[in-house]
1. The chain: longest stretch without exposed GluC sites (Glu not before Pro) (DSSP loop, at most 15 other Cβ within 10 Å), sites themselves excluded?
2. Would you look at the GNM of the chain, springs on alpha carbons closer than 10 Å, and say which of V116, V181, V70 moves the most?
3. Of all the C-alpha pairs in the range 28-154, what % are more than 17 Å from each other?
4. Cut-off 10 angstrom, C-alpha nodes, Gaussian network model of the chain. Which of A106, A73, A119 fluctuates the most?
5. Report the convex hull volume per residue for the range 3-241, counting only C-alpha atoms, in Å³.
6. For the chain, give me the percentage of DSSP beta bridges that are antiparallel, rounded to the nearest 5 percent.
7. Report the antiparallel proportion of the DSSP beta bridges in the range 83-225 as a percent, rounded to a multiple of 5.
8. Quick one: C184, C17, fewest Cβ neighbours within 10 Å first, how do they rank?
Amino acid sequence: MRWYRSDLLSIPHAMLCSCGGVSSNSFATLNLSFGVGDDSDGVKINRQRLKQCLGIHYLVSAVQVHGDQVVIAEDIKQDTEVAEADGLITSEPGVGLLIQQADCQAVLLHDPAQGVIGAVHNGWRGSTLNIIAKTVATMYDYYGVNPDNLKAVISPSLGPCCAEFINYRQELPKSFHARQVTPCHFDFWAISRDQLTEAGLKDTNIETAGICTVCNKDFFSYRRAVRQGSGVTGRNGSVIALS
């Protein structure tokens, strides 16, 4: 397995490349999603390898729907995939929160003061719903997390070089238009940073990987697969856990 990590986070975490698993064909090799047509036994093996590499006991993931539903994951005693959610939060040590992505962002959150973590699946639809702010607010409401203490990492994901939205006037709110970097191309890394700071995080506590998953073939990319004519691809994983 190969992954990226951030010096900003001192707890187990990884933003994984697509290699190091057992899946084949369009899912080669570290596909971590059950929902894209891959063999489920292979996905289970891939997830087990991930747990072993990070030293975590259980994985919590979600059937992601590009919405703004946030789930509190406590009393976890087995690997769990919850229905129709895009934000996950826990205070349980040894539980990894897994985001599955192929151009969408994973935003990994950690409050070292309260001992709470969060993970957000944040595609462009999630950005328009501001699921980032909703996740931070839920961490405050449920655990008393002070956003001033939160640290956030934005994973490898769709970069401004490839984030083309021809119909952006219908799809994106006007507040996003200032982040248009070239005609019809938008910097969603900057948009997420804006939403994090608006939610109360310090700018110095936010890090962006700055790697475009469309351009970098170390990662699965839905947009790249569409350009190649299939649209079928695996899902990268980004995971965070408390020691």
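Please treat every number below as a calculation from the coordinates, not as lab data. Source: prediction; values computed, not measured. Backbone-built Cβ (ideal geometry, glycine too); neighbour counts: all protein chains shown.
1. Result for the longest clean stretch: 85-243.
2. Result for the chain, Cα springs under 10 Å: V181 fluctuates most.
3. 56
4. Comparing A106, A73, A119 in the GNM, the peak value goes to A73.
5. Enclosed volume per residue, from the Cα hull, is 113 Å³.
6. Working: 29 of 43 bridges.
In the chain, DSSP labels about 65 percent of beta bridges as antiparallel.
7. For the range 83-225, the DSSP antiparallel bridge percentage is about 80.
8. Working: C184 13, C17 22.
Least crowded to most crowded, the residues run C184, C17.
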